[in-house]
Amino acid sequence: MRGIYKNKHDFLVGELKKKNWVENIAGDNAGLHVLVQVNTTLTEEEICKKAAECGLRLMGIREHYIHTPPEGRPVLLLGYGKPDEQEIQKGLEVLESIVLENRIPLPLR
C-alpha cells in the first residue's frame, strides 16, 4: 500500500514542479496532502469556488488557522490519497486554467 501512495506523491510533486505558477510546495513528506502556494490574484476562497464549479474539490489553508492567517499568495491543500494519476493530472489542468487566467505578471529581467 505504501508504494501506491509514494508513486502518487511523486507523480503529483513532479507535475507541480513543472508548473511555473507554483511558487512553493510544502509538506510534501507528511501525510497524503501537499501545500501549494500559487501565483494568482485570486483568493483561496475564489480559487476553491471556481474549482468546485468545474467539479474539483479544493481547500485553502486559511480556514484551518485559529488566528488570522498571514497575508500572502494563496496556499492550497492538495490531496492525492484517493485520485489516480489520471485524475490528479485532470485536477491540475483545471487548477492551472483557473490560476493562469488570474496570474500576477512577473517583472521582466
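Readers should treat all values here as calculations from the given coordinates under stated rules, not as data from a laboratory. The structure displayed is predicted, hence computed values, not measured ones. Positions of Cβ are backbone-derived with ideal geometry, glycine not excepted, and every protein chain shown enters the neighbour counts.
Taking 7 Å steps out from each Cα toward its Cβ at A26 and Y5 produces label points 2.1 nm apart.
Of all GluC sites (Glu not before Pro) in the range 8-54, which ones are in loop regions per DSSP and have a Cβ with at most 10 other Cβ atoms within 10 Å? Of the GluC sites (Glu not before Pro), not one in the loops of the range 8-54 has a Cβ with at most 10 other Cβ atoms within 10 Å. The 3J(HN,Hα) values that the Karplus relation (6.51, -1.76, 1.60; θ = phi - 60°) gives for the range 18-25 are, in residue order, 7, 8, 6, 8, 8, 8, 7, 10 Hz. Gly and Pro appear as x. Measure nothing fancy, just the Cα-based angle from helix 44-53's long axis to the longest principal axis of the chain, in degrees from 0 to 90, nearest 10. The answer is roughly 60 degrees. Pairs of Cα atoms in the chain fall into 10 Å distance bins, from 0 up to the last occupied one, in shares of 14, 48, 31, 7, 0 percent. Here the Karplus relation 6.51 cos²θ - 1.76 cosθ + 1.60, evaluated at θ = phi - 60°, turns the backbone of the range 84-90 into coupling constants of 8, 4, 5, 5, 4, 4, 4 Hz, with x for every Gly and Pro. Across the options L56, V75, L42, the greatest Cα extent toward the positive end of the charge dipole of the chain (unit charges at beta carbon of Lys, Arg, Asp, Glu) belongs to V75. Remark: relative contact order (the chain) = 32 percent; criterion is Cα-Cα distance under 8 angstrom and separation of 6 or more residues. This ranking places H33, H67 by how few other beta-carbon atoms lie within 10 Å of each, fewest first, which gives H67, H33.
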